[in-house]
Amino acid sequence: MLGLRMRTVAVAAVLMLATVGGCYWLRYGEIARTHAELLERLAIDARDAVAAGHRLSNSDIETLRYPLERAEDFVRISDDDPPPESLVALRETAASYRELVDLLDRLRVNEVAEPDKARVDALARRISDAAGRTTAALQNE
C-alpha cells in the first residue's frame, strides 16, 4: 500500500514539475524582455542622476543590485547549449549593468569627475544597445 502511495506521489511530483517547467518556457520571451527593459530603464535613470550631480546612497545601490541579481538568476536557469541569441544579448545586458552598478558604488564614496560621467554614459548606452538586441532577437526566435 505504501509503495503505491509513494509511486502516486512521485508521478504527481514529476507531472507538476513538467507543468511548471513548461509554463516557464512559454513565458521565456516575456520574462527576458522584462529583465532587459528594466535594466535599461534603471541604467538610464542612474546615468541621468549622475549627470545632474546627484550622489547615490548605499540604499540606491542596493535598489539597483536587486533587479540585476534576478536577471542573472534568470540567465543562469535559462542557459541552454547553444543559448538562444536573446539569452546571449540578455547576458551581455546584465554584465554591462553589473559593471555600471559597481562603478556607481565606487562613485558613491568619491567625487564624480567628468570622465566618470562619460564612463557612466558609455555603460548606459552599452546596456541600451544590448537590451535592444535582446528584444530584436526575441522577435526573431
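The values are calculated or read from the model by the stated rules, or taken from the named source; none is laboratory data. In this text, all values refer to a predicted model and were calculated from it rather than measured experimentally. Because the Cβ atoms are built from the backbone with ideal geometry, glycine has one as well, and the counts that use them run over all protein chains shown.
Before moving on, here are some points about what is shown:
- Condition check for Arg47: on the phi < 0 side of the Ramachandran plot, surrounded by 18 or more Cβ atoms within 10 Å (Cβ to Cβ) and part of a helix (DSSP H, G or I): yes
- Checked against the criterion of being at pLDDT below 90, out of contact with any strand residue (DSSP E or B) (no Cβ under 6 Å at 6 or more places or on another chain) and among the β-branched types (Val, Ile, Thr), region 50-73 contains not a single residue that satisfies it.
- The set of residues in region 57-78 being surrounded by 11 or more Cβ atoms within 10 Å (Cβ to Cβ) and charged (D, E, K, R) consists of Asp60, Glu62, Arg65, Glu69, Arg70, Glu72, Asp73.
- Scanning region 105-141 for residues being β-branched (Val, Ile, Thr) and part of a helix (DSSP H, G or I) gives a total of 4.
- Among the numbered conditions (1) assigned to a helix (DSSP H, G or I); (2) closer than 15 Å to Tyr28 by Cβ, the only one that Asp80 does not meet is (1).
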